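K.L.:
There's a structure below that I have some questions on.
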Amino acid sequence: VWVAEWRERKVYAAIREACADRPRFVLHDGPPYANNDIHIGHAVNKILKDVIVKSRTLAGFDAPYVPGWDCHGMPIEVQIEKTHGKHIPVAETQRLARAYASEQIERQKKDFERLGVLGDWDHPYTTMAYKSEADEIRTLGRLLEKGFVYRGLKPVNWCFDCGSALAEAEVEYEDRQDIAIDVAFPIADADERTKLARAFGLAKAPEGPIAAVIWTTTPWTIPANQALNAHPRFTYALVETARGHFVVAQDLVEACLARWKLDGRAIATARGDALELIA
């Protein structure tokens, strides 16, 4: 009843008129996907945004809210294939997809309004609006001109169950135990040893082998390894053992010596940023 009354009285338009001369606050709405009925995630998203918009209005701002929908993508095309079959001409696929997305928008819009969300529901934005598509192409053209678009390699996850591509955030991994190895990278070059000694505040490099130790659960990547990372704000220790000197994170010295079954002691420490570009 409230929702019907708000629409009949044009409450949203009245608020816009009353707030016309106030400072502007705009919440840019990341659009939901125009596919299937809304779920609890949609509700949480829309209600929280509505709380923000209404609270800024009460705080003295002109806070309009223009809802929108994302109308492009594989799930809609898959739905068209399920309903109408495959190998449909491109133009017909696009027509059917546009009609399907329009239908889904109306269904979702009704439910969003029912949640009590105030907004310009009569004039939403959609990615499939012809002006939006034209603006997208123009923007892409500017990105191309500036050299921001390039071709690379990136895996696209596919769900065999639902027959759709998956965003990275939609992929869940089971907990598992993997083989892990510690790898000692020797610091053998005389110039590198001198730089390392300087980083640790030593007059000269210790005698014997010196190595920086890393830990990994992907040992097959080691042959292609190009560099080692050190956190600039972490403290690293130069540890003296019977098998040589090792560079490890200070907080892990005891655990590493126990795992390697070695006795040893830290003879010097350095911050990670001091180890940059030693080799």
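For every residue, the table says whether it meets (1) in contact (Cβ under 8 Å) with a residue 60 or more places away in the chain; (2) acidic (Asp, Glu).
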position: ALA188; (1), (2): no, no
position: ALA199; (1), (2): yes, no
position: THR221; (1), (2): no, no
position: GLN226; (1), (2): no, no
position: HIS245; (1), (2): no, no
position: ASP263; (1), (2): no, yes
position: ALA274; (1), (2): yes, no
position: ALA279; (1), (2): yes, no
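K.L.:
Checking the conditions here, which among ARG107, ARG98 is in contact with a Cys (Cβ under 8 Å, 6 or more places away or on another chain) and open to solvent by 50 Å² or more (accessible area, probe 1.4 Å)?
P.N.:
Working: ARG107 fails: in contact with a Cys (Cβ under 8 Å, 6 or more places away or on another chain).
Sole residue among the options that is in contact with a Cys (Cβ under 8 Å, 6 or more places away or on another chain) and open to solvent by 50 Å² or more (accessible area, probe 1.4 Å): ARG98.
K.L.:
Also: Can you tell me how many residues in the range 228-252 are open to solvent by 20 Å² or more (accessible area, probe 1.4 Å), over 23 Å from ILE179 (Cβ atoms) and hydrophobic (A, V, I, L, M, F, W, C)?
P.N.:
So the answer is 3.
K.L.:
Tell me the residue from VAL53, VAL66 that is of a type outside the set (Phe, Trp, Tyr), under 30 Å from ALA18 (Cβ atoms), part of a helix (DSSP H, G or I) and touching a residue at least 40 places away in the same chain (Cβ under 8 Å), please.
P.N.:
Testing whether each residue is of a type outside the set (Phe, Trp, Tyr), under 30 Å from ALA18 (Cβ atoms), part of a helix (DSSP H, G or I) and touching a residue at least 40 places away in the same chain (Cβ under 8 Å) leaves just VAL53.
K.L.:
If you scan the range 9-46, which residues turn out to be open to solvent by 40 Å² or more (accessible area, probe 1.4 Å) and under 21 Å from the mean Cα position of the chain (by Cα)?
P.N.:
HIS28, GLY30, PRO31, TYR33, VAL44, ASN45
K.L.:
Looking at LYS109 and the list (1) charged (D, E, K, R); (2) farther than 13 Å from ALA34 by Cα; (3) touching a residue at least 40 places away in the same chain (Cβ under 8 Å), which single condition is not satisfied?
P.N.:
The failed condition is (2).
K.L.:
Under 7 Å by Cβ, and 6 or more places apart or on different chains, what pairs join a residue from the range 112-134 that is among the aliphatic types (A, V, I, L, M) with one that is at pLDDT 95 or above and outside any helix (DSSP H, G or I)?
P.N.:
What qualifies is LEU118/TYR65.
K.L.:
Separate question: Can you pull out every residue in the range 267-279 that is buried (at least 16 other Cβ atoms within 10 Å of the Cβ) and more than 37 Å from the chain's Cα centre (by Cα)?
P.N.:
Passing the criteria: only ALA268.
The values are calculated or read from the model by the stated rules, or taken from the named source; none is laboratory data. Given the structure is predicted, the values throughout are model-derived calculations rather than measurements. Neighbour counts run over all protein chains shown; Cβ positions are idealised from the backbone, glycine included. Please note that ligands, DNA and RNA were not included when accessible areas were found on the heavy atoms of the full protein model with its side chains. Shrake-Rupley method; radii C 1.70, N 1.55, O 1.52, S 1.80 Å.
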